[in-house]
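Worksheet for the structure shown next.
The values are calculated or read from the model by the stated rules, or taken from the named source; none is laboratory data. No experiment lies behind these values; they were computed from the predicted model shown. Here the Cβ positions follow ideal geometry from the backbone for every residue, glycine too, while neighbour counts run over all protein chains shown. Just the protein is used for accessible areas: all its heavy atoms, side chains included, with ligands, DNA and RNA removed. Shrake-Rupley method; radii C 1.70, N 1.55, O 1.52, S 1.80 Å.
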Amino acid sequence: MDNGVYYNPTKILFGKDMEKQIGEEVAPFAQRVLLVSGQNRAEQAGLLDRVRQSLTDAGVEFVELPGVRPNPALSTVWAGIRLARQEAVSLILAVGGGSVIDTAKAIAAGTPNSDDIWEYFEGSRTPAAVLPVAVVLTIAGSGSESSNSMVIRHDETDETRTYQDDRLRPVAAVLNPEVTYSLPAFNTACGIADASCHVLEKYFTNTTDADITDRLCEAVLRTLLETAPRAIERPNDYAARSNLMWAAKVAHDGTLHVGRERDTAARTIAHELTSRFGITNGAAMAVLFPAWLAYVADHDPKRFQLFASRMMGADFPPEEAAAHVVDYVRQHFSRLGLPQAMQDLGVDQEHFAEIAAAVAKKNGGQIGTYVPIGEKGILEILNLAAEG
């Protein structure tokens, strides 16, 4: 195992009606909060009313920033920063999925500082201080409810970047599986794909002798594989939704990253697709991750053989294992009803060269750690993804 640091201070309130306790959780941190939410589902389901009541009962005042859209925009973040400063709030409370949470984190990073917040995402500056963040989760998948990362799109340049800062791990997160019952099947499937890829990004690693996290990855991925059909076919299955919500949280809270390298090359390419075409991240990953696996197949055949043995119960020779693993992962996403090829995403091959050049340029000419990949390799992955 590699040297590493594990740090996750997020307090999780898991289970039915736990959103009614959010006021008590944030009161020690702030008497006035900014309540950030998405586009109507939480409102229509009565979740926002329960959160508002909990805040009121705890004596916490609040102002609201509704309407955060998927693939959250920098302009929305700046609107939130201005409102947070104007209203002198001391905590940012997100009620939503990954986009809402990431917006809240960005507002929390920008409000106490006079910097251009985009400099944090470019890596040229870090915030001197951040406001605390709390979460009421509505979509399982991104893992942002207890992670240190956020992803924001610059709406003027259509560039999507990630920023990581342990101070932005939420102080508290409510995970009530019941609030995910009303999710459309496609959104549930995209969340499962996102979480599955969070696991796979850590499993295919150059780190050796990390058997404990190998087996944790396998357990989380197996839970996602087995739970996914039940959650989609029976949306009100509390047991399925509970296991899915917890698996997605563990997939990206740092537990599976301890002592091991991870590779986010496919996700980096996916960010370019979400920026350019407005594609949901989970759908993009369902297409790109199997293509990335096919591209890196020759790097470490024994790693693919291990996956096939433990996850598929199959004993393939090392040189044959990768093809079966790629098909296994692709079929997992297919069973969820997700896109299988770039054409399904509405991205024509004529755009591939431009996409590859843009990804390479924005990332210093190279992405990936398991296998470093330049512009030519990115283009090859896109072509593999075109085939499905």
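Computed values, structure above
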read-out: Residue within segment 24-34 that is open to solvent by 20 Å² or more (accessible area, probe 1.4 Å) and in contact with a helix residue (DSSP H, G or I) (Cβ under 6 Å, 6 or more places away or on another chain) present; value: no
read-out: Unique residue being in contact with a Leu (Cβ under 9 Å, 6 or more places away or on another chain), open to solvent by 50 Å² or more (accessible area, probe 1.4 Å) and of a type in the set (A, V, I, L, M) when the list is 200, 216, 221; value: 216
read-out: Selected residue [buried (at least 24 other Cβ atoms within 10 Å of the Cβ) and hydroxyl-bearing (Ser, Thr, Tyr)] from 149, 99; value: 99
read-out: Members of segment 63-89 that are buried (at least 17 other Cβ atoms within 10 Å of the Cβ), on the phi < 0 side of the Ramachandran plot and in contact with a strand residue (DSSP E or B) (Cβ under 7 Å, 6 or more places away or on another chain); value: 65, 68, 72, 73, 74, 77, 80, 83, 84, 89
read-out: Residues (crowded, with 17+ Cβ neighbours inside 10 Å and of a type outside the set (Ser, Thr, Tyr)) located in segment 114-133; value: 117, 118, 121, 127, 130, 131, 132, 133
read-out: Out of 52, 125, sole residue that is of a type in the set (Lys, Arg) and farther than 22 Å from residue 30 by Cβ; value: 125
read-out: Checklist (1) open to solvent by 10 Å² or more (accessible area, probe 1.4 Å); (2) over 21 Å from residue 151 (Cβ atoms); (3) touching a helix residue (DSSP H, G or I) at 6+ places or on another chain (Cβ under 8 Å) applied to residue 44, failing item; value: (3)
read-out: Some residue of segment 318-335 being over 24 Å from residue 371 (Cβ atoms), at pLDDT 95 or above and among the hydroxyl-bearing types (Ser, Thr, Tyr); value: yes
read-out: Among the residues listed as 241, 222, 161, the single one being at pLDDT below 95, of a type in the set (D, E, K, R) and within 27 Å of residue 330 (Cα to Cα); value: 161
read-out: Meets criteria (within 23 Å of residue 273 (Cα to Cα) and either surrounded by fewer than 15 Cβ atoms within 10 Å (Cβ to Cβ) or over 23 Å from the mean Cα position of the chain (by Cα) (or both)) for residue 349; value: yes
read-out: Of all residues making up segment 229-255, the number that are crowded, with 24+ Cβ neighbours inside 10 Å and more than 11 Å from residue 195 (Cα to Cα); value: 2
read-out: Tally, over segment 342-368, of residues that are acidic (Asp, Glu) and part of a loop (DSSP other than H, G, I, E, B); value: 1
read-out: Hits in segment 286-322 (condition: in contact (Cβ under 8 Å) with a residue 60 or more places away in the chain and part of a loop (DSSP other than H, G, I, E, B)); value: 296, 299, 300
read-out: Segment 256-285: number of residues that are part of a helix (DSSP H, G or I) and either closer than 16 Å to residue 153 by Cβ or open to solvent by less than 30 Å² (accessible area, probe 1.4 Å) (or both); value: 19
read-out: Which numbered condition residue 371 fails, given (1) farther than 26 Å from residue 97 by Cβ; (2) assigned to a helix (DSSP H, G or I); value: (2)
read-out: Single unsatisfied condition, residue 1 versus (1) modelled with pLDDT of 95 or more; (2) over 24 Å from the mean Cα position of the chain (by Cα); value: (1)
read-out: Selection status of residue 294, under 24 Å from residue 192 (Cβ atoms) and surrounded by fewer than 22 Cβ atoms within 10 Å (Cβ to Cβ); value: yes
read-out: Selection status of residue 165, over 27 Å from residue 17 (Cβ atoms), out of contact with any His (no Cβ under 6 Å at 6 or more places or on another chain) and open to solvent by 40 Å² or more (accessible area, probe 1.4 Å); value: no
